[in-house]
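Comments concern the structure below.
Read-outs throughout are calculated quantities, based only on the coordinates presented, and are distinct from any laboratory measurement. Treat the numbers as computed from the prediction; the structure is a model and nothing was measured. Cβ placement follows ideal geometry from the backbone for every residue including glycine, while neighbour counts extend to all protein chains displayed.
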Amino acid sequence: MRVRVELFGRAAEQAGVRTVELDLPANATSATAAEALAERYPRLEWLRRGSRPARNQEYARWEDPLAEGDEVSFIPPVSGG
Amino acid sequence: MAGRPTGCRAVSVRSHLWLRRCVKKTGVENAVQIEITPSPLSLEPLLAFVQRRGYGGVVTFTGNVRDYNHGRRVLYLEYDAYRPMAEREMRAIAEEAVRRWDCCIAMAHRIGRLEVGEASVMIAVACAHRAPAFEACRYAIDTLKEAVPIWKKEAWEGGEVWIEGGQDA
């Protein structure tokens, strides 16, 4: 399945892009997506431990299964305000 | 109740009932205004949105960029957001405030580069009375800082760093 990963802040700067298309196996989860992302962008390895996953703009869990066309992101501790 | 209300208690109960009807009739979503923008913030449109008949207590919060953070002189901040999710999260916070405190609420967050002294966030809350307005406003800014996917990068002389988590709270 194909998913789109949205990157922000430090992660976007490290990757040099704000959007990454990933081709994942059919049973992929948020964790699988983070690992595939880190394979392509080794500097983003910290996201798997240092962020919360989001799926289609809502907080999710690492073990939640993904679906074709999902918008995935990894949310480090926030610092707005 | 016949005739005009004569005491404070009667006025209070009447206005409270009127407010409940108002929120019910207009719906929670009509009591909420959310904005994420690269443009400078102003309280006026937020106040214009929340000020309505029967809402006697109005509280605002403004967060400005400080000149010093952890003893370092700040040159400027740069805010980045997961914009659609940040808007959804801010809306969820505001709607929860409306349900809990019977209020109207407007929240605005700026993104992009901000200079020292500029406002990064503004919140306006109107309730029937002041106590719930203060509580709702406090809830809104505290929860925004915990849950809304927005990040700031701090630039100082000789360096810059993305702030993650509440170390600068």
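For the reader, a short list of remarks on this structure follows.
- Test: B:Met85 is under 20 Å from B:Ser42 (Cβ atoms), in a helix (DSSP H, G or I), facing another protein chain (nearest Cβ under 10 Å) and in contact with a strand residue (DSSP E or B) (Cβ under 8 Å, 6 or more places away or on another chain): no
- Single residue of B:Asp67, B:Asp102 found to be of a type in the set (D, E, K, R) and at positive phi: B:Asp102
- So B:Trp162, is it out of contact with any Ser or Thr (no Cβ under 7 Å at 6 or more places or on another chain), assigned to a strand (DSSP E or B), within 23 Å of A:Glu58 (Cα to Cα) and within 9 Å of chain A (Cβ to nearest Cβ): yes
- You will find that of B:Ile93, B:Ile105, the residue that is in a strand (DSSP E or B), more than 10 Å from chain A (Cβ to nearest Cβ) and of a type in the set (A, V, I, L, M, F, W, C) is B:Ile105 and no other.
- In the stretch B:75-89, the residues that are in contact (Cβ under 8 Å) with a residue 24 or more places away in the chain form Cβ pairs under 6 Å with partners that are among the basic types (Lys, Arg), at six or more places apart or across chains, as follows: B:Tyr76/B:Arg113; B:Leu77/B:Lys152; B:Glu78/B:Arg113; B:Glu78/B:Lys153; B:Tyr79/B:Lys152.
- Residue in the stretch B:76-98 that is surrounded by the most Cβ atoms within 10 Å (Cβ to Cβ), counting only those that are of a type in the set (D, E, K, R) and over 15 Å from the mean Cα position of the chain (by Cα): B:Asp80
- Residue count for the stretch B:55-72, restricted to those that are over 15 Å from B:Gly166 (Cα atoms) and touching a helix residue (DSSP H, G or I) at 6+ places or on another chain (Cβ under 9 Å): 8
- The helices (runs of 4 or more DSSP H) located wholly in the stretch A:1-64 that include 3 or more residues which are not charged (D, E, K, R) occupy A:9-15, A:30-40.
- Applying the condition of being aliphatic (A, V, I, L, M) and out of contact with any Lys or Arg (no Cβ under 7 Å at 6 or more places or on another chain) to the stretch A:1-14 and asking which residue is surrounded by the most Cβ atoms within 10 Å (Cβ to Cβ) yields A:Ala11.
- Residues of the stretch A:37-59 that are away from every other protein chain (no Cβ under 14 Å) and surrounded by fewer than 19 Cβ atoms within 10 Å (Cβ to Cβ): A:Ala38, A:Glu39, A:Arg40, A:Tyr41, A:Pro42, A:Glu45, A:Arg48.
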